[in-house]
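S.K.: For reference, the structure I am asking about is given below.
The values are calculated or read from the model by the stated rules, or taken from the named source; none is laboratory data. Keep in mind that what you see is a predicted model, and the values were worked out from it rather than measured. Counting neighbours? That spans all protein chains shown, and the Cβs are built from the backbone with ideal geometry, glycine included. Calculation scope for accessible area: heavy atoms of the full protein, side chains included, ligands and nucleic acids excluded. Shrake-Rupley method; radii C 1.70, N 1.55, O 1.52, S 1.80 Å.
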Amino acid sequence: MVRLVRAIVIAVLVLLVIFASAWSSLALWYRLPLPEVGRQASAILFGLFGALVVVALFGRRRFRAVLAFAVAFVLVLAWWSTIEPPANGAWAPDVARQVTGEFDGDLLTLTNVRDFEWRSATDFTQRWTTRSYDLNKLKSVDMFMSYWSGPTIAHVIMSFGFDDGRYLAWSIEVRRLSGGSFSPLADLFKSSPLVILAADERDVIGLRSNFRGEDVQIYRLRASPVAARLLLREYVSDANALAATPAFYNSLTTNCTTTIVKMMRVAGDAVPTDWRLVVNGYLPEYAYDRGALDISVPLSQLRSAAHIAARAHEDGLSPNFSQAIRVGVPSPQGAL
């Protein structure tokens, strides 16, 4: 029995050391403020140190090895805790500004609403605008899924429609430096800040459907007026908080899906934990199972109607873009 317990303890320690070594090595590689050769050497050395500790766990000096590793890992964590997201930087133009908003009763005024005119994925005219919206005229909430890497992973954008025909899309993104790119692995290690964008659909949706070649799908949601207004208020609240205190984007814990889920829960909606909230390409199935979509028709029919590429290209980012991409898309009974 003693041998069995010892074996279990050693096995657990081996797994913990391997995980902590891998995490620390990657953290040093991505964030240590040294030239590339210094970061590479530090990451390799910590990995080798972890490997030696694993070997030592099977010998007589396991206690000393574990103690030494614990001290080293605590030092890495202490350094890690000092890394703060930058408030300023040479940001890429499309994520250069953080939207903010003010409420006067039910009248919402937003500053830095993005309204870029895109001619290609790299050629565009910048426009940042100030706009006002009456929450009493909010009539719809739609979910856009933009599949950029196969069927399992998508970028999620929520869009609020008003009875004057305007749509306000919200996109939670990586705040890249100019010339930088998105890396899911690097963004697990405090590589990029978070930014919340409010934008015209023909900007933030049209860019993805017409120029980036992503498979963009739209799903019209069932939401009560109260829930829709609360969710929009949460977007504004989070945007204002982010403008005041920058935060890091994280590919697993703080991304376009997890942030929306948090907002919906704060707004009072029940969002049970589900693996599809992580593997977010399956969010339409999750929403369908929760009754948030039109369940009077099969999900396969909703999926078929959801693809906007043909309608978006035919429209060509005209002022009628939002109406054109919704042609033939079912709306659930009980929608706003």
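S.K.: Quick check: anything in region 183-205 among the acidic types (D, E), assigned to a strand (DSSP E or B) and either closer than 20 Å to P284 by Cβ or out of contact with any Phe, Trp or Tyr (no Cβ under 6 Å at 6 or more places or on another chain) (or both)?
M.R.: There is no residue in region 183-205 that is among the acidic types (D, E), assigned to a strand (DSSP E or B) and either closer than 20 Å to P284 by Cβ or out of contact with any Phe, Trp or Tyr (no Cβ under 6 Å at 6 or more places or on another chain) (or both).
S.K.: Only residues that are of a type outside the set (G, A, S) and either open to solvent by 10 Å² or more (accessible area, probe 1.4 Å) or over 22 Å from V261 (Cα atoms) (or both): list them for region 175-188, please.
M.R.: So in region 175-188, the residues of a type outside the set (G, A, S) come out as 175-177, 182, 184-185, 187-188.
R175, R176, L177, F182, P184, L185, L188 - these are the residues of region 175-188 that are of a type outside the set (G, A, S) and either open to solvent by 10 Å² or more (accessible area, probe 1.4 Å) or over 22 Å from V261 (Cα atoms) (or both).
S.K.: Out of region 299-321, which residues are without any contact (Cβ under 8 Å) to a residue 12 or more places away in the chain and open to solvent by less than 70 Å² (accessible area, probe 1.4 Å)?
M.R.: D315
S.K.: Cβ-Cβ under 8 Å, sequence separation 6+ or interchain: first residue in region 46-64 and farther than 19 Å from W23 by Cβ, partner in a helix (DSSP H, G or I) and of a type in the set (D, E, K, R). Which pairs?
M.R.: Going by the 8 Å Cβ cut-off, the qualifying pairs are A56/R62; A56/R64.
S.K.: With region 49-155 as the region, which strands (runs of 3 or more DSSP E) entirely inside it contain at least 3 residues that are open to solvent by 30 Å² or more (accessible area, probe 1.4 Å), of a type in the set (A, V, I, L, M, F, W, C) and in contact with a helix residue (DSSP H, G or I) (Cβ under 6 Å, 6 or more places away or on another chain)?
M.R.: Answer list for region 49-155: none.
S.K.: Now for a separate question. Whether any residue in region 220-234 is in a strand (DSSP E or B), over 29 Å from Q301 (Cβ atoms) and either open to solvent by 30 Å² or more (accessible area, probe 1.4 Å) or without any contact (Cβ under 8 Å) to a residue 12 or more places away in the chain (or both) is what I want to check. Break it down into steps so the answer makes sense when it comes.
M.R.: The first filter runs over region 220-234 and keeps only residues in a strand (DSSP E or B), leaving 220.
Filter once more, so that each one left must be over 29 Å from Q301 (Cβ atoms): none.
Checked against the condition, which is being in a strand (DSSP E or B), over 29 Å from Q301 (Cβ atoms) and either open to solvent by 30 Å² or more (accessible area, probe 1.4 Å) or without any contact (Cβ under 8 Å) to a residue 12 or more places away in the chain (or both), region 220-234 yields no hits at all.
S.K.: What number of residues in region 136-177 are hydroxyl-bearing (S, T, Y) and more than 19 Å from the chain's Cα centre (by Cα)?
M.R.: Step one: of region 136-177, the residues hydroxyl-bearing (S, T, Y) are 140, 146-147, 149, 152, 159, 167, 171.
If we keep only those that are more than 19 Å from the chain's Cα centre (by Cα) too, we end up with 140, 167.
So the answer is 2.
S.K.: Let me ask something else. Can we say D164 is of a type in the set (D, E, K, R), in a loop (DSSP other than H, G, I, E, B) and in contact (Cβ under 8 Å) with a residue 24 or more places away in the chain?
M.R.: On the way: of a type in the set (D, E, K, R): yes; in a loop (DSSP other than H, G, I, E, B): yes; in contact (Cβ under 8 Å) with a residue 24 or more places away in the chain: yes.
When the stated conditions are applied, D164 passes them.
S.K.: Picking from S159, S181, S146, which residue would you name as being modelled with pLDDT under 95 and under 27 Å from P246 (Cβ atoms)? Reasoning before the result, please.
M.R.: Working: S159 fails: modelled with pLDDT under 95; S146 fails: modelled with pLDDT under 95.
After applying the criteria, what remains is S181.
S.K.: L110 versus (1) more than 32 Å from the chain's Cα centre (by Cα); (2) in contact (Cβ under 8 Å) with a residue 12 or more places away in the chain: which is the lone unmet condition?
M.R.: (1)
S.K.: Taking region 279-294 as the search range and keeping residues that are open to solvent by 30 Å² or more (accessible area, probe 1.4 Å) and in a loop (DSSP other than H, G, I, E, B), which one is farthest from S140 (Cα to Cα)?
M.R.: V279
S.K.: Let me ask something else. For region 295-336, how many residues meet the condition of being in a strand (DSSP E or B) and among the polar types (S, T, N, Q)?
M.R.: So the answer is 0.
S.K.: From the residues in region 248-301 that are modelled with pLDDT under 80 and basic (K, R), which one is farthest from L188 (Cα to Cα)?
M.R.: Residue satisfying both the conditions and the ranking: R265.
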